[in-house]
Each structure stands twice: as C-alpha cells, then as structure tokens.
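Here's the structure, in structure tokens; my notes come after.
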Amino acid sequence: MNREDIKAAVLRIEGTNCEEESHLAFKRLGAQAEKVHLKQLLSKDVDEGEKRSLHDYDIVMIPGGFSAGDYIRAGAIFGARMKSALGSELEGFVRSGKPVLGVCNGFQILVEIGLLPAVDKTMSEVPKAALETNDSNKFECRPTLLQVEDNSNCVFTRNYSESEVVLYPSAHKEGKFVLDEDLSLEDLEENDQIVFRYTAPDGEKPGYPWNPNGSLGDIAGICNPEGNVLGLMPHPERVFHPYTNPDWTRYGLEKSRGDGRSLFESVLDHVEENF
C-alpha cells in the first residue's frame, strides 16, 4: 500500500482532546487522516454522507482527554458505547492485523473494551487490567522519560533503537497500570507485551516523579500479543516536532524530529509493507 492511500481514523466524542495533534501527526507524514465522531460509526444522528465504517480505515486511534467527563471511571462510557455497538467490528479489525492506538484516555478505553492486555483472546468479555488513580492522588502533568523495551514486537516502535529513551509528556490522574488477579507482570513479559516503561535520567528504577503514577512494573504502555494494538499513557503526538520538547531552548534544535514522530512513522511503515 502506498503511504498516500493509508487512511487513519482519530475517534472522538464529547470530552476527547488531542484529536487535532493526532490527526496532524498522520497527515504530516503523508497519510490520509480524518477525525471521526463515534456517531458517524454508529450511523446515529448524522447525514448519509457523514456515515463511516471502521473498515473504511487502515489505522484507528483513540486520543486522550476526558471522554464523557470520565464519569463512572476513566474511559468507561466511551468504551461501553464502542463495545456494545461495534464490538464484533472492532474484534474483526484487530484480527485482520490492522493497527489500533490508544493514548492516555485511549489506553483506558482499550482496557475497558478488553482489547488490552488481551492475553488469551482478541477481546476479553470483562476488563483484565485497569488504570487506577495515581499514587499521588493528583493530576500529574509533566515530561516523562520512557525506555523502549527491546523485546517488544509492537508495530508502533519498529523505528526506535534498542533501549532508546524518549521524552513524552504525561497528563493524567488515572494512569497507574494494574492487572487482574488472574494475570501477572510475568505473563506480559513472557508475551513481549510491555512496550514502554518509565525510567529515570540515570537509568535506575524510577521513583516518583519519574514514574508519575506508581504503575506496576513501571509500565507506561503495553500491546496485545500480536503487537498491533498499543495503549500508552504519555502523549507522543505532543512531541511530534523538536520544538515541543520542553528542553529545546536549553539544547537548541539540533534534533530534526520530535521523540513522538517515530511512533507514527513506525505504524505507517508497517501498513505500507503489509497491506
């Protein structure tokens, strides 16, 4: 598939944010990108020409924000709406190998739907993990350092080097990754599902604030066993350009790219080669 033929959908409802940055990340790299309201996929309260199907797209991204006000718990309402009306389509989309990305609130939604961690099946009936309230019990908004895990088979990180450390900003109150009692950290490690971990500047185990939430195993992002569904809490779309790195005035613009750009390039390269 040619890059200009790739279609990426950035889903939104009331309360989502960063859909514009996410949309532009794909568009700036030469792909087609569209911000798609959930009602368009449900063919509800929209004109005929505005109706869309998941299968119109090659990549689906769920951005950050506070969808539906994050009432009940973070991502629960958006996730329930998607799963109840689009569950079989979502499952088919993932089984076809097409990539799905969830960032921040999007990660929370993928967990609510059961597309992550998805250790035993493509989509679990009930959530097998959760993004709980940060240990600080506060909204944490700061630059975070992440190490790309070497053994991950995730299609979103193929253009990063082994053990590369990147800076993505975090902005969440519910980012502490925990697992259902039936699963363990070792299960994810054995399946090569851990994609990003929080790290400290000296490479040592990150305490607070380097791990901003107390996440199990310092996990910042995981994928499904097949590697085509990724959820992560920090925001790669916010560091697409080098000048959105908070340290650019200190170190200048020697870097030609922001740390988040390679994530979007990785998945587009994957789709070009495999579809």
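Below are the figures for this structure:
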| item | result |
| --- | --- |
| Average Cα contact separation per residue, the chain, under 8 Å, 6 or more apart, as relative contact order % | 19 percent |
| Pairs beyond 27 Å (Cα-Cα), from Lys7/Lys39; Lys83/Lys173; Lys35/Lys83; Lys51/Lys173 | Lys51/Lys173 |
| Ranking of Phe93, Phe139 by count of other Cβ atoms within 10 Å, fewest first | Phe139, Phe93 |
| Choice from Gly203, Gly260, Gly64 with maximal GNM fluctuation in the chain (Cα, 10 Å cutoff) | Gly203 |
| Cubic angstrom per residue, convex hull over Cα atoms of the range 33-109 | 95 Å³ |
| Evaluated over the chain, the Cα radius of gyration and Dmax, each in Å | 17.4, 55 |
| Contour minus Cα-Cα distance for Tyr71 and Val178 (0.36 nm per residue) | 36.5 nm |
| For the chain, Cys with no neighbouring Cys Cβ under 4.7 Å | Cys18, Cys104, Cys141 |
| Estimated distance in nm for a label pair at Asp187 and Arg95, the labels positioned 7 Å out from Cα along Cα-to-Cβ | 2.1 nm |
| Considering only the chain, percent of DSSP beta bridges that pair antiparallel, nearest 5 | 60 percent |
| For Phe156, net neighbour charge (Lys/Arg +1, Asp/Glu -1) across residues whose Cβ lies under 11 Å away | -1 |
| Mean separation of Cα contacts under 8 Å (6+ apart) over length of the range 1-157, as relative contact order % | 19 percent |
| Label-to-label distance, nm, for residues given as Lys138 and Glu254 (7 Å Cα→Cβ offset) | 3.3 nm |
| Fluctuation leader among Pro143, Pro201, Pro212 - the chain, Gaussian network, Cα springs under 10 angstrom | Pro201 |
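Bear in mind these aren't lab numbers, they're just calculated from the coordinates by the rules spelled out. Since this is a predicted model, take the numbers as computed values, not measurements. Here the Cβ is made from the backbone with ideal geometry for all residues, glycine too, and neighbour counts use every protein chain on show.
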